[in-house]
Amino acid sequence: MASESNKMGLVGLTTIVTVNMMGSGIIMLPASLAQTGAISLLSWLVTAVGAMCIAYAFAKCGMYCNRDGGMSAYASEAHGKSSFFIASYTYYVCLVISAVAIAVSAAGYLVPFFPWLKTSPIHTFVGVVSILVVTMVANFWGPRITGQISSFTVWGIIIPVVGLSVIGWFWFKPDVFAEAWNPHHDGTVTAISSGIALTLWAFLGIESAGANSGAVENPEKNVPLACMLATSFTAVVYIASTSVIQGIIPNHELAVSDAPFGLVYTYMFNETVGMVITALAVIACIGSLLGWQFTNAQVSKAAADINLFPKIFGEVNHANAPIKGMLIMLGLELILALMTISPNLVKQFNVLLNLAVFINMVPYILSLTGLEVILRNNKVKDSEYKIGAAVGTVAVVYSIYGVYACGQSAVFWGSILTLFGYIFYGFVAGRDAQHALR
C-alpha cells in the first residue's frame, strides 16, 4: 500500500483520467457527426452531462467496492452472480467490436499514405485485418510493454485535438459553420438523438475512472472530483474541436473524409502538416488498439480465473500474457470485420460504433444500478447516499437514452448477442449446480 507521501494528488489523478478517456474515440467523429450537421453540437452538451454523472457514479462504485472485476463486481452487488457473468460477457463483446472500429479508424487515416486501401472493400478488409493482427501480436510480450507503448502513443491524438481546440479558431469561418448547421433540416430532438451514440462512444472508458482510489490522497474527495474535472475538460476539448472543424471544412467534404483531423490541418497549414497529423493519428490508433485488446484479454482472463469463462482464456505465457485467449479474440475480430465490410469506411465505422455503444450500455446499466447497494453496504452518510443515488439514477437514464439513440439495427443485433450470453451462463450455472451436489 502506498504511503501518503507517495500517493497521487488531485492534479495527477485528473491528468491520468483525462489521458485514459481521450484515446482514439474522437478520431473519426467529425466525419460521422458531419452527416447530421453542426447541430450535433447539441448532442455533445447532453452527453457531457450524462458522462459526468456516469463518471461520478463509477468513481463511487470504485471507492467502496474493492472486489476484483470492476463493472462486473458492481453489477453483482445488486443483481447476483449471473449479472457478473453477463456484464463480463457484454463488456468482452463490446471491446471486440471496439477493436474493429478502431482498426477501421486507423485504416482510414492510412489511406493518404496507401491509397490502395480504399480501391476496393477487399483491400480495406486486408488493411483492417493487418492492423488487428499486428497489434494483437505486439501484446504477446506482456502488460509492461503494452503499457509503455500505449502511454506514449495516446498523445498522438491528444496533441492534435487539443491543439485544434485552441488554435483552430484563427481559421474558423462563421459562414461555413452556419451552412453546416442543419443541412438535412432535421428536428432538434432528432438531430440530438442521431449524435448521442456517436458522442457517447468518445467517452467509453470512463468506467475505469475510479480504479486507482487506493493510490490517491483523500480518495473520498479527490476521486469523484478528479472524474468530474477530467470529464468536464474532455467534454470542452471534444466540443471545441468538433465545432471548429465544422467552421473550417465545408460540411459535404467533411462528411465523407476518412481522416478528418489530417484534413483540417491541411486546410489550416499545408498538405505536409496534414500528413504529419494523419501519421500521429495512425500511431494513436495503433496504441489505443494495443491497450484495448490487452484490456479485453485481461477481462476474459479474470472471468476464467473464477470459472465464469472457459479455462483457456486464463492460460498465460512466461510474460503473463493470455495468448490463447488473445487468439480467440482475434478470430472473433476478423469474423466481425468481414461481416461489416463496406466500401465506405465512415459507414463501416458508424455501424460498428452503434453496436459497440449498445452492447456497452448493458454492463453500464447493470453496474450503475448496483451503486445504491454498494453505498448502503458501506454505511455511508445519508447525504452521500442521496447524492449518489440521484446522480446514479440520472446516469442510468442517460445510458438507456444511449441505447435508444443507437438505432433499431444496433439494438436488434445487440440484443441477440446479449441473449446468447444467457445461454452460455446456463451452462456455467448448470456446472456449478452439479459441483454443489457432490
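The values are calculated or read from the model by the stated rules, or taken from the named source; none is laboratory data. Since the structure is predicted, the reported quantities are computational estimates derived from the model, not experimental observations. So basically every Cβ, Gly included, is an ideal-geometry build from the backbone, and we count neighbours across all protein chains shown. Keep in mind that these areas ignore ligands, DNA and RNA; they rest on the heavy atoms of the full protein, side chains included. Shrake-Rupley method; radii C 1.70, N 1.55, O 1.52, S 1.80 Å.
The table for this structure:
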read-out	value
Pairs where the first residue, in the stretch 21-33, is part of a loop (DSSP other than H, G, I, E, B) and the second is at pLDDT 80 or above and of a type in the set (A, V, I, L, M), C-beta under 8 Å, 6+ apart	MET22/ILE158; MET22/VAL161; MET22/VAL237; GLY23/ALA284; ILE27/ALA281; ILE27/ALA284; MET28/VAL104
From ILE158, ILE122, ILE196, ILE97, residue being out of contact with any Gly (no Cβ under 8 Å at 6 or more places or on another chain) and closer than 27 Å to ASN251 by Cβ	ILE158
LEU366 being touching a residue at least 12 places away in the same chain (Cβ under 8 Å), in a helix (DSSP H, G or I) and touching a Leu at 6+ places or on another chain (Cβ under 8 Å)	no
Selected residue (only one of SER399, SER409 is closer than 30 Å to THR119 by Cβ and among the small types (Gly, Ala, Ser))	SER409
Search result, residues across the stretch 61-83 that are among the aromatic types (Phe, Trp, Tyr) and under 10 Å from SER367 (Cβ atoms)	TYR74
Filter pass, TRP169 being over 20 Å from TRP292 (Cα atoms) and open to solvent by 30 Å² or more (accessible area, probe 1.4 Å)	yes
Scan of the stretch 296-336 for residues that are part of a loop (DSSP other than H, G, I, E, B) and either of a type in the set (Ser, Thr, Tyr) or open to solvent by 50 Å² or more (accessible area, probe 1.4 Å) (or both), ordered by number	ILE306, ASN307, PRO310, GLU315, VAL316, HIS318, ASN320
The lone exception for LEU117 - which of (1) surrounded by fewer than 19 Cβ atoms within 10 Å (Cβ to Cβ); (2) without any contact (Cβ under 8 Å) to a residue 12 or more places away in the chain it fails	(1)
Matching entry among THR14, THR36 (being in contact with a helix residue (DSSP H, G or I) (Cβ under 7 Å, 6 or more places away or on another chain), of a type in the set (Ser, Thr, Tyr) and at pLDDT 85 or above)	THR36
Count of residues meeting criterion [more than 18 Å from ALA51 (Cβ to Cβ) and open to solvent by 10 Å² or more (accessible area, probe 1.4 Å)] in the stretch 367-394	14
Residue ID - nearest to the chain's Cα centre (by Cα), chosen from residues in the stretch 258-306 that are free of Cβ contacts under 8 Å to residues at least 24 places away in the same chain and closer than 12 Å to GLY325 by Cβ	ALA304
Sole exception among (1) open to solvent by less than 80 Å² (accessible area, probe 1.4 Å); (2) closer than 24 Å to LYS221 by Cα; (3) part of a helix (DSSP H, G or I) for ARG431, by number	(2)
Tally of residues being closer than 30 Å to VAL111 by Cα and in a helix (DSSP H, G or I) across the stretch 215-266	24
Test: residue in the stretch 340-352 that is of a type in the set (Lys, Arg), modelled with pLDDT of 85 or more and open to solvent by 10 Å² or more (accessible area, probe 1.4 Å)	no
